[in-house]
Amino acid sequence: MPNYAIITLDIDIPAISSVSPVGGSQDVAVETPLIFTLADMLTELDIATLELTIAGEQAISGGAFQSGYAGQIIQAGSVYSISVTKSNGWPGSADIAYEIRIQDTVGNELLYQGSFYTAAGWTELSGEWVNLEEDGTSI
């Protein structure tokens, strides 16, 4: 009797199921983390291939947070949550463009781009974020 093998061919790129803030969001607070939810249903993601550029700066390279950025990469089964903040917050009144790239363990690559716009007037004073336009604070 012949032996048969079932082969599963993975040609699907990893999927991005959510981004927060949603692309195109306006008036985003400068301390808001950028959060991605990613998954690959057939194979795992290769975190060593994770690259994230935010506003022209490398925030994550080779799966490691770069200077000036912090966050978490959490895996729950085949789903990964990636949360990123800029150490001194996003600049106020700015279009924050980002690009994320990652591959699964067989080399299928996801490339996703988006942006959000931060609220005006935010700055850090004595370790706290204040909106100078809303509370009338002067420096």
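Since every read-out is calculated from the coordinates, none of them should be taken as a lab result. Predicted model, so just to flag it, every value in this text is computed and none were measured. Please note: Cβ atoms are built from the backbone with ideal geometry, for glycine as well, and neighbour counts cover all protein chains shown.
Treating only the Cβ atoms of Lys and Arg (+1) and Asp and Glu (-1) as charged, compute the dipole magnitude of the stretch 15-132 about its Cα centre; round to the nearest 20 debye.
Roughly 100 debye, rounded to the nearest 20.
Under a 5 Å amide H cut-off, with hydrogens placed 1.01 Å from N, THR105 pairs with GLU44, ASP46 among residues at least 5 apart or on other chains. Taking θ as phi - 60° and the Karplus parameters 6.51, -1.76 and 1.60, the scalar couplings of the stretch 90-102 work out to 6, x, x, 6, 10, 8, 9, 8, 9, 9, 10, 10, 7 Hz in sequence order, x denoting glycine and proline. 3J(HN,Hα) along the stretch 49-66, derived from phi through the Karplus expression 6.51 cos²θ - 1.76 cosθ + 1.60 where θ = phi - 60°, amounts to 9, 5, 10, 9, 10, 10, 6, x, 10, 7, 8, 9, 9, x, x, 10, 5, 9 Hz, with x in place of Gly and Pro. Residue-wise HN-Hα couplings along the stretch 19-25, as the Karplus relation 6.51 cos²θ - 1.76 cosθ + 1.60 with θ = phi - 60° gives them from phi, are 9, 9, x, 4, x, x, 4 Hz; Gly and Pro carry x.
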